[in-house]
Amino acid sequence: MTVVLKLGGSVITDKDTPETVDRAALDAASSTIAAYGDTDLVIVHGGGSFGHHHAAAHGVSRTAGTHDDTAVRDVHRAMKRLNEQVVDALAAVDVPAIPVHPLSVAHRSMEDELRLPSQQVRTLLTEGFVPVLHGDVIGHEAMGATILSGDELVCALAEALSADRVGLCSAVPGVLDGEDVIPEINDFEDVAHVLGASESTDVTGGMAGKVRALLDLETPAFVFDRGGLEPFLMGRQPGTRIG
Ligand code: IP8
């Protein structure tokens, strides 16, 4: 059983205060993963208050490229700082977490397609490690560099590894219609009217972008909040099932 799990930036950071980890939330998620992540697990985390603030300050996004080397370093280094804290929190509870930095291996082609080699992740998994990737800034042919979201990574990895389940641990208990969690989504048009824009600085599209990308996957995906992490890792179906 191969599982790709994204820890959303809003879950593990204080999204409105630059470069601030939510220590209690990160430690709690790490302990849950240590207790229940008894499977081939790849972890991806989002940018939260690390990547997004720098990306917004430099005007770089998924679609707005930059040739400013300072911008690329600022965004990437912020994400590496967060990644180090995530890897350390996991390692502290004996999860064999290993950092994998997308900027060093991935790029986007002229046709706007993500090229992400996956053999290094596959090998790490086979050898018993837990690769921990993160949203990043990557080279983009003819555009300089653009943002790679954790959601894109999750989708690319799920396909490349033929994952059995995808989980997105987010700030909300699922995709919401008002106060209610939508149990299942199979068509974007059914929910387009209820998907608003993300409230904090988020350069990669918020919930609408997540749902679109997850619907394109073969693998069933679940969107849930931190309370859903344990049931998800136990093989249950918390939050919203997409696809
Ligand atoms: O939080 C974006 O990843 P996301 C990463 O998964 C950066 O959208 C660098 C802003």
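The values are calculated or read from the model by the stated rules, or taken from the named source; none is laboratory data. Just so it is clear, the structure is predicted and the values come from calculations on it, not from any experiment. Cβ placement follows ideal geometry from the backbone for every residue including glycine, while neighbour counts extend to all protein chains displayed. Each accessible area value is taken on the protein alone, full model and side chains, heavy atoms only, with ligands, DNA and RNA left out. Shrake-Rupley method; radii C 1.70, N 1.55, O 1.52, S 1.80 Å.
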**Message:** Whether any residue in the range 148-167 is under 15 Å from ARG241 (Cα atoms), open to solvent by 60 Å² or more (accessible area, probe 1.4 Å) and of a type outside the set (S, T, N, Q) is what I want to check.
**Reply:** yes
**Prompt:** Here are some conditions: (1) open to solvent by 10 Å² or more (accessible area, probe 1.4 Å); (2) within 13 Å of the ligand (Cβ to nearest atom). ARG115 meets all but one. Which one does it not meet?
**Reply:** (2)
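Tell me, which residue of the range 40-88 that is of a type in the set (S, T, N, Q) and over 22 Å from PHE129 (Cβ atoms) is most open to solvent (accessible area, probe 1.4 Å)?
Taking the range 40-88 as the starting set, the residues that turn out to be of a type in the set (S, T, N, Q) are 49, 61, 63, 66, 70, 83, 85.
Remaining after also requiring over 22 Å from PHE129 (Cβ atoms): 49, 61, 63, 66, 70.
Numbers: SER49: 0, SER61: 24, THR63: 107, THR66: 18, THR70: 58 Å².
That would be THR63.
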**Asked** Mind checking which pairs have a first residue in the range 74-92 that is assigned to a helix (DSSP H, G or I) and more than 15 Å from the ligand (Cβ to nearest atom) and a second that is of a type outside the set (A, V, I, L, M, F, W, C) and open to solvent by 20 Å² or more (accessible area, probe 1.4 Å), Cβ under 6 Å, 6 or more apart or different chains?
**Response** VAL87/PRO99; ALA89/ASP27
**Asked** Applying the selection to the range 93-111, what residues are within 30 Å of SER61 (Cα to Cα) and either open to solvent by 80 Å² or more (accessible area, probe 1.4 Å) or free of Cβ contacts under 8 Å to residues at least 24 places away in the same chain (or both)?
**Response** SER104, VAL105, MET110, GLU111
**Asked** Hey, ALA171 hits all of (1) in contact with a Ser or Thr (Cβ under 7 Å, 6 or more places away or on another chain); (2) surrounded by fewer than 21 Cβ atoms within 10 Å (Cβ to Cβ); (3) not in a loop (DSSP other than H, G, I, E, B) but one; which does it fall short on?
**Response** (3)
**Asked** Do the conditions hold for VAL21, that is, is it under 18 Å from GLY235 (Cβ atoms), modelled with pLDDT of 95 or more, away from the ligand (no atom under 12 Å from the Cβ) and touching a strand residue (DSSP E or B) at 6+ places or on another chain (Cβ under 9 Å)?
**Response** no
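Here is a yes/no grid of residues against (1) more than 16 Å from the chain's Cα centre (by Cα); (2) of a type outside the set (Ser, Thr, Tyr); (3) not in a helix (DSSP H, G or I):
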| residue | (1), (2), (3) |
| --- | --- |
| SER10 | no, no, no |
| LEU41 | no, yes, yes |
| GLY59 | yes, yes, yes |
| ARG62 | no, yes, yes |
**Item:** Condition check for ALA208: in contact with a Gly (Cβ under 9 Å, 6 or more places away or on another chain), part of a helix (DSSP H, G or I) and without any contact (Cβ under 8 Å) to a residue 24 or more places away in the chain
**Value:** yes
**Asked** Could we say that VAL130 is within 16 Å of the ligand (Cβ to nearest atom) and open to solvent by less than 50 Å² (accessible area, probe 1.4 Å) here?
**Response** no
**Prompt:** Within the range 213-229, restricting attention to residues that are in a helix (DSSP H, G or I) and farther than 16 Å from GLU184 by Cβ, which residue is nearest to the ligand (Cβ to nearest atom)?
**Reply:** ALA213
